[in-house]
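Peer 1: I have a structure I would like to understand better, so I am pasting it below and will then ask my questions one at a time.
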Amino acid sequence: MGFEGCLLADDFYYWAETSPAPDGRFYGVVHFTGWRDVDDVIESLDPPLTHTTPVAHRWAGDALEAAHALAKTLAAEGELGIEP
């Protein structure tokens, strides 16, 4: 599994990794771990909100890149159900 540490998408903190998919392919996985509220306080999510890319990729690096894109999209479109 590939792994990247705590990253930021808008006001949301997340970490990303890859997960094995059929036929030797990889999914990207995003775990949202917290967010900054209006008072600039970091609020933790326990357990994290987890999302998986709908498409599997041939290379782990591509799956990880897709996970980052998914994180940014979910945060930007307000799909996480959290009001930062």
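Peer 1: I'd like to know how the chain sits against the 2.2 N^0.38 Å rule of thumb: what's its Cα Rg over that expected value?
Peer 2: 1.10
Peer 1: Still on this structure: How far is helix 60-76 tilted, in degrees, relative to the longest principal axis of the Cα atoms in the chain, given as a value from 0 to 90 rounded to the nearest 10?
Peer 2: 30 degrees
Peer 1: Given points 7 Å out from each Cα along the Cα-Cβ axis, report the residue 40 to residue 10 separation in nanometres with one decimal.
Peer 2: 2.0 nm
Peer 1: Given contacts defined as C-alpha pairs under 8 Å and at least six residues apart, what's the relative contact order of the chain, whole-number percent?
Peer 2: Once normalised by length, the contact order is 30 percent.
Every number here is computed from the coordinates shown, using simple stated rules; none is lab data. No experiment lies behind these values; they were computed from the predicted model shown. Note that we place each Cβ from the backbone using ideal geometry, even for glycine, and neighbour counts take in every protein chain shown.
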